[in-house]
Amino acid sequence: MISAEPIFRIHAELADILHLGATPYGDRRVINILGGRVQGARLSGRILPGGADWQIVRPDGVADLRARYTIESDGGARILVASDGLRHGPAEVVARLARGEAVDPALYYFRTAMRFETSDPSAAWLNRIIALARGAREPRAVRLEVFEVL
């Protein structure tokens with residue numbers, strides 16, 4: 001069971017895709033995270049520059065996502081985020097995303113499992129939860145609605 005409403009929403013600003021080419025695991029690429037905002041009833045703050053999403057596009061067309069970044073809450077808590085997920089959809093939808101077009105997120109699957117780590121007592125509740133996020137890819141950003149697994 002998950003929370004009925006998102007505990008917070010993330011808007012992460014992204015750099016251009018750095019293509020590394022076909023490796024033994026698939027088409028490898030890295031997307032640096034430039035910053036962004038976190039807003040919600042349980043957490044608000046900003047995404048610090050310096051994180052990235054290390055992706056492999058598998059031979060079946062599924063993007064295997066591994067993002068690591070840091071949130072700084074409005075109260076100053078620094079929170080490490082580990083987000084692992086999958087994004088896929090019909091070939092024509094994925095092609096539109098690759099061209100930077102706006103695509104209704106209902107047309108593709110984009111989900112992540114999230115864990116958090118912090119030393120700040122004000123955000124220590126995050127150390128004890130797992131969250132699931134529903135995502136949307138924009139031309140230079142990602143939006144996530146984050147739900148707590150209850």
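Brief remarks follow.
- One residue from 87, 68, 29, 42 being over 14 Å from residue 137 (Cβ atoms) and modelled with pLDDT of 95 or more: 68
- For segment 1-57, a residue qualifies if it is part of a loop (DSSP other than H, G, I, E, B) and β-branched (Val, Ile, Thr), and exactly one does: 7.
- Among the residues making up segment 48-82, those that are under 12 Å from the mean Cα position of the chain (by Cα) and farther than 18 Å from residue 124 by Cα are 51, 52, 53, 54, 55, 64, 65, 66, 67, 68.
- Criterion violated by residue 61 - all others in (1) in a loop (DSSP other than H, G, I, E, B); (2) on the phi < 0 side of the Ramachandran plot satisfied: (2)
- Test: residue in segment 115-129 that is within 14 Å of the chain's Cα centre (by Cα) and surrounded by 15 or more Cβ atoms within 10 Å (Cβ to Cβ): yes
- Test: residue in segment 14-22 that is closer than 21 Å to residue 145 by Cβ, at pLDDT 95 or above and crowded, with 16+ Cβ neighbours inside 10 Å: yes
- First in segment 63-78 and of a type in the set (Phe, Trp, Tyr) and surrounded by fewer than 15 Cβ atoms within 10 Å (Cβ to Cβ), second anywhere and modelled with pLDDT of 95 or more and assigned to a strand (DSSP E or B), Cβ under 9 Å, 6 or more apart: none
The values are calculated or read from the model by the stated rules, or taken from the named source; none is laboratory data. Note that the coordinates shown come from a computational prediction; the quantities given were computed from them, not determined experimentally. Reconstructed Cβ throughout: ideal geometry from the backbone, glycine too, with neighbour counts over all protein chains shown.
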